[in-house]
1. List the strands (runs of 3 or more DSSP E) inside region 374-464, counting only whole elements, that have at least 2 residues being of a type outside the set (A, V, I, L, M) and under 23 Å from Leu122 (Cα atoms).
2. Just give me the residues in region 225-276 being part of a loop (DSSP other than H, G, I, E, B), modelled with pLDDT of 90 or more, more than 25 Å from Leu383 (Cα to Cα) and open to solvent by 70 Å² or more (accessible area, probe 1.4 Å), in sequence order.
3. In this structure, is Leu39 open to solvent by 10 Å² or more (accessible area, probe 1.4 Å), within 20 Å of Ala90 (Cα to Cα) and modelled with pLDDT of 95 or more?
4. Of all residues being open to solvent by 30 Å² or more (accessible area, probe 1.4 Å) and of a type outside the set (S, T, N, Q) in region 369-380, which is farthest from the chain's Cα centre (by Cα)? Just the residue, please.
5. Looking at region 291-322 only, could you name the residues that are hydroxyl-bearing (Ser, Thr, Tyr) and modelled with pLDDT of 95 or more?
6. Any idea how many residues of region 47-61 are surrounded by 24 or more Cβ atoms within 10 Å (Cβ to Cβ) and in a loop (DSSP other than H, G, I, E, B)?
7. In the list Ile304, Ile289, Ile314, which residue meets the criterion of being in contact with a strand residue (DSSP E or B) (Cβ under 9 Å, 6 or more places away or on another chain) and in a strand (DSSP E or B)?
8. What are the residues in region 399-457 that are hydrophobic (A, V, I, L, M, F, W, C), closer than 17 Å to Ala256 by Cα and open to solvent by less than 30 Å² (accessible area, probe 1.4 Å), if any?
Amino acid sequence: MSDPDHDTISSRISPSCPPDNQRVLTAAWAHDLAAVKKLLDTPGKASVQDPITGETPLHAAIRSCGPAPSEENGDGDDNNEGDDPADLEAAKKVVYELLLWGGIWNDVDDRNETPGCVAYRLGRKELYNLCVEAGVRAEMLFGVMEGYEELESMDGEEGEDIEVIDMDVDDGEMVVVGEDGEDAPALVNVKPSGQNKVEGEEEDEEEESKEEEEPRFQPPNDDIEADVTSEAYLRSKLTYSDGKLVDDDGNGVMMAWETDIMRQSVDALLPNKEPGKRILNIGFGMGIIDTMFAETKPSTHHIIEAHPEVLEHISSSGSKFGSAWEESGPAPGAFKVQTGKWQEVCQRLIGEGQIYDAIYFDTFGEDYSQLRKFFTDFIPGLLDGEGRFGFFNGLGADRLICYDVYTKVAELHLTDAGLDVDWNVIDVDMSHLAEAGKGEWEGVKRRYWTLDKQKQCFWLRDNC
């Protein structure tokens with residue numbers, strides 16, 4: 001729901017905002033494309049922020065549109081009689097121009113909203129989609145370049161500087177182009193935050209630009225979460241209790257509320273529940289999905305798990321997947337907990353010639369690059385030609401725009417790995433998940449899920 005008092009220009013551009021920043025913010029708010037183009041004269045201008053409110057030009061251009069009319073959006077302002085089509089078109093052009101010049105798609109303001117969050121809250125679907133597309137471009141480019149990369153011209157010489165970069169993502173193809181439509185030979189700095197910045201300016205000009213941008217808005221410290229790495233997770237102490245598996249920092253590794261998602265995952269991976277299927281699950285956790293897989297009476301059921309305390313839990317007397325389960329398999333090794341990191345175990349399984357009809361992936365403490373590695377390096381060697389693969393899609397699930405961006409990024413990478421992509425949308429019961437520290441989140445440090453729907457991901461091998 002829009003907050004009219006908070007979404008005014010006087011509340012968003014503070015008196016302490018530096019004049020240069022104020023001019024860019026004001027021009028963006030007014031959807032004055034000519035003025036915006038004139039002001040975007042150096043790298044970084046498209047991502048300046050008000051030092052108090054954190055307002056960026058992207059926030060301003062979107063916020064000034066106000067809520068969509070009620071007939072288009074149920075949360076719209078009933079007093080809004082309709083949009084001015086010319087102004088909306090101007091807003092789209094300004095947003096596009098800002099993104100072209102390196103406006104950061106996921107910068108947050110003092111209300112912890114990205115520009116896309118503002119667009120979604122106001123019901124501005126076209127502007128929201130522009131932000132999602134920018135996020136996909138940025139994340140794809142960052143994944144390819146991994147920091148800094150020099151793009152060379154066809155004759156191998158270093159390219160000349162360009163003023164603007166853009167990137168088109170179409171059918172899995174990514175092309176970096178300059179303002180004139182030609183391939184862009186330039187040194188491009190791609191930041192994980194999604195900012196695409198053209199290098200080539202003199203160092204003193206960069207320092208001058210930094211000075212002009214000060215003071216810059218700083219998010220509150222309590223909004224910054226420490227990353228949980230795989231190595232730290234594997235060293236951590238885990239606790240099983242009250243339908244939760246948490247590490248010693250209180251991070252939720254797996255929780256019982258995920259059970260319905262797991263059930264629907266099994267239904268999608270094994271739609272006919274035929275016995276005798278070959279199954280691989282990566283990440284045991286609480287054993288929720290493995291219990292469901294076992295009920296289908298597979299011919300092969302392999303589980304990969306690396307955490308010592310989870311392995312100890314599996315081997316305990318009360319576990320369904322201990323030595324007795326392994327010995328009950330139809331053949332030696334058919335039912336087995338494969339111990340170790342999946343990166344190493346999967347390589348060994350490929351070497352053994354293991355092939356699976358259904359593969360599920362749900363690990364903890366790893367970033368998207370590792371999931372992508374599984375897509376490209378291991379699915380082709382492990383999945384049967386008519387097999388199905390799925391994973392717990394929690395990528396960016398604490399913010400809708402991040403979730404939508406990574407859903408699209410994952411689809412591009414999966415398509416590139418030779419899989420036909422399909423999505424099932426699952427309703428998530430938020431009645432006990434809506435508030436941090438309460439309901440299912442009691443005793444859990446961070447609410448890692450905030451969305452009322454999950455895009456459940458399943459893929460078939462492409463045999464064409």
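1. It comes to 453-461.
2. Once the filter is applied, which keeps residues that are part of a loop (DSSP other than H, G, I, E, B), modelled with pLDDT of 90 or more, more than 25 Å from Leu383 (Cα to Cα) and open to solvent by 70 Å² or more (accessible area, probe 1.4 Å), region 225-276 yields only Lys237.
3. Yes, satisfied.
4. Our first condition is that a residue be open to solvent by 30 Å² or more (accessible area, probe 1.4 Å); within region 369-380, this holds for 369-370, 372-373, 376-377, 380.
When the remaining residues are screened for being of a type outside the set (S, T, N, Q), the result is 372-373, 377, 380.
On the way: Arg372: 12, Lys373: 16, Asp377: 20, Pro380: 23 Å.
Once the filter is applied, the top-ranked residue is Pro380.
5. The answer is Thr291, Thr296, Ser299, Thr300.
6. 5
7. Ile304
8. Ile426, Val428, Leu433, Trp441, Val444, Trp449, Leu451
The values are calculated or read from the model by the stated rules, or taken from the named source; none is laboratory data. Everything numeric in this text was worked out from a predicted model, so none of it was measured. So basically every Cβ, Gly included, is an ideal-geometry build from the backbone, and we count neighbours across all protein chains shown. Keep in mind that these areas ignore ligands, DNA and RNA; they rest on the heavy atoms of the full protein, side chains included. Shrake-Rupley method; radii C 1.70, N 1.55, O 1.52, S 1.80 Å.
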